[in-house]
Structures are given as C-alpha cells and as structure tokens.
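The values are calculated or read from the model by the stated rules, or taken from the named source; none is laboratory data. Keep in mind the model is a prediction, meaning the values are calculated, not measured. Please note: Cβ atoms are built from the backbone with ideal geometry, for glycine as well, and neighbour counts cover all protein chains shown. In case anyone asks, the SASA skips ligands and DNA or RNA and just uses the protein heavy atoms, side chains included. Shrake-Rupley method; radii C 1.70, N 1.55, O 1.52, S 1.80 Å.
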Amino acid sequence: MPGKKKGPQVGSGGQRRRGLEGKGPTPPAEMRKGHAKQRAAQAKARRAQGRPQRGGPRGGKGTSELVVGRNSVVEALSEGVPANALYVQQFIDNDDRVREAVRVAGDRGGIRLVEAPRPELDRMTNGLNHQGLVLQVPPYEYAHPEDLAAAAFDNGEDPLIVALDGVTDPRNLGAVVRSASAFGGHGVVVPERRAAGMTAGAWKTSAGTAARTPVARATNLTRALESYQKAGLTVIGLAADGDVELGDVAALDGPLVVVVGSEGKGLSRLVGETCDLRVRIPMPGGAESLNAGVAAGVVLYEAARRRA
C-alpha cells in the first residue's frame, strides 16, 4: 500500500485544552435544575408575585354546597364549617334550633342572613326537606399538590403528606385531615375524580383542622406521586399484603408521602406500582383492614415519633 504523505495535521483548535478546564463552583441547590429546593424556590417566587398556581388559584375551586335541615345547619355552624349565607324561611316557627342557628351565624360574622319564601327554598334544594333552614357553603379552594412540598421546604422541614386513593367517604377525608394536623403533616392530596372532596361533612369531621391543613386536588394521582418522587420524596403505599412492616421503614423520618387506599379495594394497580414501598401495618388482633382515617393516623404517629 502506498504510504500516507506527511504534512500538516488538523488540530483540536484548543478544544481539548479547554475541556480540561474547570467549570467553576457547583451552583447552590436552589439553582440546580430539577432539584427539590429549586422547585420550592420557584413555588415561593410564584406566591410572592401573586401568580396563579398550576391548576388555578390554589389548585382550583370545588363547587358550592347547601346544608339543609335544622339539626344539620346548627351542627355545621357550631363546628365552624365555612358559610357565606344562611337562608331562613319567612314566617317559620321560631323554635330553639332556628334561634341558635341565627345566633351562631351572627356571632361568627361574615354570614349573610337572608329571609326567603318557602317556594324559593324548595327551588334551591330541589324539594329536599329543608325545615326552613338552608346554609350555603362556599366552594373549597384546593391547593396544588406541589405547593404542599414547597411549603414544607420553605420552612426547612421534610414534607409529610398523605395521599388518598379511592377514598370516597368525606368523613374519612376529614379524619385524615385531622390526623395530619395532629402529627405535623403538611397536607392531604385527593384525586379530582371519584374521590371525596372537602364537603361540609369533611369539614365537620376534621373538627376545624381543615382551616390550617391544606387539601390539594390532583388531576392524575399517579403523575402527582411521580412528581413527588422527582422532588426527592419517598412514596409508600399502605397494603395488607405489603412487603415491609411499618416499623422497618427507614424512610419515615425523611421527605415522605403516605398513600392510603379505600377500605374495600385498597390501592389501585397503577398507584400501587408507582409506590417505592408497599407497607403493611401489623395487627395482632386479627383485623383484616383499617379504615383510611385510622390507618393514616397510625402511620403519621410513627413518622412524627421518628422525627421528634
């Protein structure tokens, strides 16, 4: 073969030398793309600038609700359920419950007292037995799921969040909110569809803690959990046939999402597959399952104990 002719060679143009040069100091966590602290800083900046969060202000609003009947209205007012109007039927028999409802609404302030004819109340309630009292509950303003973790990081804390999968009883939601508040949780996440929302019943069961413990609504719970994982949170799902017992879970003292399924069906398939761990609560008494409120309370207590 003829030899190659020697001559000038194409050089690197200094690229190799520049490739050996340092790229400067590592940027702080708040400036590193995808880091949990950067996400928290971005959420804080959005709040400071008054921009709407994804999914609408605080994740969107629910729908208005009416509480009807004398006992139900008095209980809702006494338990601190938010309300913007109390409708009282004209010429109603003024018994103790009617007087108490009017008194409590007046004492709380911010609740309009409206006198309305019976046909108007019948129309509002679609013919329900309202007994002359109707309480209007304003739409609940949900947070966005990412706001819960961001708020915890803002306060220098590891997020502790509960997500509900297939829980349709508002009383269970209220009980979970109450447990989250008691044990230092940063909020509760519910799916947008086929799930309990923050109704008057949930407010009553929460015993007022819903006023300080945010509830977020996720368009897709699986994607919300994956987003938490990318932010550095461990996602554990409670299951009767879980691979790990609660006492053996090392992640309880770090950034954590606890997923609780329905009492009958447990975790849905996709949500269960998304979880980092499937955890079981040992029950020496032999019960097959716990309702969502009790199960969440057990795990939140253990997490709070580890963090103390």
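Sort 225, 238, 128 from largest to smallest accessible area, using a 1.4 Å probe on the heavy atoms of the protein chains.
Ranked from most to least accessible, the order is 128, 238, 225.
Please list, in chain and number order, the residues 5+ apart from residue 65 or on another chain whose amide H is under 5 Å from its amide H, with Hs placed from the backbone.
Amide H neighbours of residue 65, under 5 Å, 5+ apart: 137.
Given H placed on each backbone N at 1.01 Å, which residues far from residue 189 in sequence or on other chains put an amide H within less than 5 Å of it?
For residue 189, the qualifying residues are 162, 163, 164, 216.
Between residue 115 and residue 244, what FRET efficiency follows from the Cβ-Cβ distance if R0 is 45 Å, with the result rounded to 0.05?
0.15
Sort 230, 61, 265, 204 from largest to smallest accessible area, using a 1.4 Å probe on the heavy atoms of the protein chains.
From most exposed to least exposed: 265, 230, 61, 204.
What ³J(HN,Hα) values, in whole Hz, does the Karplus curve 6.51 cos²θ - 1.76 cosθ + 1.60 give for the stretch 172-185 when θ = phi - 60°, with x put for Gly and Pro?
5, 4, x, 5, 5, 4, 5, 5, 4, 5, 5, 10, x, x
How do the peptides 195-203, 240-248, 117-125, 215-223 rank, highest first, by the average count of neighbouring beta carbon atoms within 10 Å per residue?
Averaged packing, sorted descending, gives the order 195-203, 215-223, 117-125, 240-248.
Within the accessible area of the stretch 68-123, what % is carbon and sulfur when the probe is 1.4 Å and the other protein chains stay in place?
That fraction is 46 percent.
Can you tell me how much longer the chain between residue 155 and residue 211 gets when fully stretched, taken as 0.36 nm per residue apart minus their C-alpha distance, in nm with one decimal?
Taking 0.36 nm per residue and subtracting the Cα distance, the gain is 18.3 nm.
State in Å² the accessible area per residue of the stretch 231-308; use a 1.4 Å probe, count heavy atoms of protein chains only, and round to the nearest integer.
Result: 48 Å² per residue.
Heavy atoms only, probe 1.4 Å: what % of the accessible area of the stretch 125-168 goes to carbon and sulfur, would you let me know?
41
Under 12 Å from the Cβ of residue 254, count the other residues' Cβ atoms, weight Lys and Arg +1, Asp and Glu -1, and hand me the total.
Cβ neighbours under 12 Å give a net charge of -2.
Mind checking which aspartates and glutamates have their Cα closer than 13 Å to the Cα of residue 265? Skip sequence neighbours fewer than 8 apart in that chain.
165, 241, 288
Taking amide H positions as placed 1.01 Å from N in the peptide plane, with prolines and chain starts having none, which residues 5 or more places from residue 263, or on another chain, fall under 5 Å of its amide H?
Under 5 Å from the amide H of residue 263: 292.
Return the FRET efficiency for the residue pair residue 283, residue 128: r is the Cβ-Cβ distance, R0 is 30 Å, and the value is rounded to the nearest 0.05.
0.15
Given the protein chains as shown and a 1.4 Å probe, how many square angstrom of residue 267 are accessible, to the nearest 10?
30
Just the number, please: carbon plus sulfur as a percent of the accessible area of the stretch 189-269, 1.4 Å probe, no ligands or DNA/RNA counted.
Carbon and sulfur together cover 44 percent of it.
Multiply the residue separation of residue 107 and residue 253 by 0.36 nm, subtract the distance between their alpha-carbon atoms, and state the gained length in nm to one decimal.
Working it through step by step, the gained length comes to 48.3 nm.
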